[in-house]
Amino acid sequence: MKSYISRKLPLETRTTDQIFVFRSSEKLIRFRLCFRTSCLVRRTNRKKAYDHAIAELRRATELSLSGPPALAALARTFAVSGRITEARILLEQLQQSKRQYVAPFYVAIVYAGLGENERALDWLEKPYADHSNAIVFLKVDPQLDTLRSNPRFHELQRKLRLPE
């Protein structure tokens, strides 16, 4: 976690099969998937290795039973790699999910990947109002880098009392 926050992740890439160490707690498995997925996305986006990331994220999405963190990461990777139609299909799945709660933060990162910054910020304001725990990554999540110059982003950071 410390390496994620400091943005000093190693460049090597592990496969999703290597990531999973099954424990008795399903919550632990999901947390590890979510964190490892975020790390994978960051490394591959930095290297522009989208095909590899998409293959791994498809596997992560399958293993997580289309869990929102993996689905959002896949949608965002489609978006930044130019596969807009596929990104929008997954975005719609996230927004229409009736099976499980989807944190607005996950919808926001997809919109940010699509370059729709105002919509991304609209969705980022929802977790602030809902007191969602995903908002704690607002300051450090590289998936939000395209929003950092926007005055609305700075206002949201101020509301959260995060240093700019």
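No value in this document is a laboratory result; all are computed from the given coordinates. Keep in mind the model is a prediction, meaning the values are calculated, not measured. We place every Cβ from the backbone using ideal geometry, glycine too, and count neighbours over all the protein chains shown.
Where in the stretch 83-135 are there trypsin sites (Lys or Arg not before Pro) that are in a DSSP coil and have at most 16 other Cβ atoms within 10 angstrom of their Cβ? Walk me through the numbers before you get to the answer.
Details: sites: Arg83, Arg88, Lys98, Arg99, Arg119; in loops: Arg83, Lys98, Arg99.
Counting only loop positions with at most 16 other Cβ atoms within 10 Å, the trypsin sites (Lys or Arg not before Pro) in the stretch 83-135 are Arg83, Lys98, Arg99.
Sorted by average packing, counted as other Cβ atoms within 10 angstrom per residue and highest first, what order do 58-65, 152-159 take?
Descending mean neighbour count gives 58-65, 152-159.
Starting with the fewest neighbours, write out Ile109, Ile89, Ile135, Ile54 ranked by other beta-carbon atoms found within 10 Å of each beta-carbon.
Taking fewest neighbouring Cβ atoms as first place, the list is Ile89, Ile54, Ile135, Ile109.
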